[in-house]
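Remarks on the structure that follows.
The values are calculated or read from the model by the stated rules, or taken from the named source; none is laboratory data. All figures in this text were calculated on a predicted structure; none of them were measured in a lab. Glycine also receives a Cβ, built like all others from the backbone with ideal geometry; neighbour counts cover every protein chain displayed. Just so you know, the surface numbers come from the protein's heavy atoms only, side chains and all, with ligands and any DNA or RNA stripped out. Shrake-Rupley method; radii C 1.70, N 1.55, O 1.52, S 1.80 Å.
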Amino acid sequence: MSDALNVVALLLVAACATAAVAQRDPARQALVLSVLGIFLAALFTVFQAPDVGLSQLAVGSALTPLLIMLSVRKVRRRGRTKEGAE
């Protein structure tokens, strides 16, 4: 049972990481990266490292995508401001 759970968790992480790389829009990449963080947290929990899983849940699924989304928003806003000034 645990071997099957390990394989399923690894396949979910691999599929989600591939989806994150395949996205072209940075906002969508951030959302997929958030889902990847959740799957990685589950993977760490399956491999009996719940402390690492909790850290991954906080950083990988919340903070990193939030910072990426804020950066994308600022860059897009700055681009619109420069276009309007020309």
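Filtering segment 37-51 to residues that are of a type outside the set (A, V, I, L, M, F, W, C) and touching a residue at least 12 places away in the same chain (Cβ under 8 Å) leaves only 37.
Taken over segment 1-25, the residue count meeting the criterion of being open to solvent by 80 Å² or more (accessible area, probe 1.4 Å), within 29 Å of residue 73 (Cβ to Cβ) and in a helix (DSSP H, G or I) is 2. Among the residues of segment 9-48, those that are in contact with a Phe, Trp or Tyr (Cβ under 9 Å, 6 or more places away or on another chain) and within 23 Å of residue 70 (Cβ to Cβ) comprise 16, 17.
Count, please, the residues in segment 26-66 that happen to be open to solvent by less than 60 Å² (accessible area, probe 1.4 Å) and closer than 16 Å to residue 11 by Cα. So the count comes out to 9. Taking residue 81, is it modelled with pLDDT under 90 and either under 20 Å from residue 6 (Cα atoms) or open to solvent by 50 Å² or more (accessible area, probe 1.4 Å) (or both)? Criteria met by residue 81.
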